[in-house]
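Asks: Below is a structure I'd like to ask you about.
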Amino acid sequence: MAQQFVQAKIKGDKVVLFIKPTCSYCIVAKEVLSKYKLKPGRLECVDITGRSDMGSMQDYFQELTGARTVPRVFIGEECVGGGSEVEALHKSGKLEGMLQSIGALQ
């Protein structure tokens, strides 16, 4: 169930963040992405807090991405990591190119 949910969410050319709202790294990832003018519907934040399958979902993140922590940030079906990685991509200038490559920028 968790696998199908995650796969359905990351399908397509969009940015998906799996988050817990009180997590400081999740907040960093959201703040970095808020600096970009994304097309409507191209950014989705999925709060996994309180989901009955939260543990299974995090186990699947481990299998899929090598880490079970949040945030797990996907750009066009590819996991780019968590908050620190998104911030590093932004600072290096690579994040904008990744967002452009999936047509997410206005």
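Asks: Select from region 47-57 the residues that are surrounded by fewer than 19 Cβ atoms within 10 Å (Cβ to Cβ) and of a type outside the set (Lys, Arg) and write down the one among them that is nearest to the chain's Cα centre (by Cα).
Replies: Selected residue: Asp47.
Asks: How about region 26-78: which of its residues are acidic (Asp, Glu) and at negative phi?
Replies: Glu31, Glu44, Asp47, Asp53, Asp59, Glu63, Glu78 - these are the residues of region 26-78 that are acidic (Asp, Glu) and at negative phi.
Asks: When the residues of region 28-45 are filtered to those that are of a type in the set (A, V, I, L, M) and either crowded, with 18+ Cβ neighbours inside 10 Å or modelled with pLDDT under 95 (or both), which remaining residue is farthest from Glu87 (Cα to Cα)?
Replies: Leu33
Asks: One residue is enough: does region 5-19 have a residue meeting the conditions closer than 24 Å to Gly103 by Cα, touching a Lys or Arg at 6+ places or on another chain (Cβ under 9 Å) and of a type in the set (S, T, N, Q)?
Replies: No: zero hits.
Asks: Only residues that are among the β-branched types (Val, Ile, Thr) and in contact with a Leu (Cβ under 9 Å, 6 or more places away or on another chain): list them for region 51-105, please.
Replies: Hits for region 51-105 are Val70, Val73, Ile75, Val80, Val86.
Asks: Before we move on, is Thr65 over 21 Å from Arg42 (Cβ atoms) and either modelled with pLDDT under 95 or of a type outside the set (Gly, Ala, Ser) (or both)?
Replies: no
The values are calculated or read from the model by the stated rules, or taken from the named source; none is laboratory data. All values derive from a computational prediction rather than experimental measurement. Counting neighbours? That spans all protein chains shown, and the Cβs are built from the backbone with ideal geometry, glycine included.
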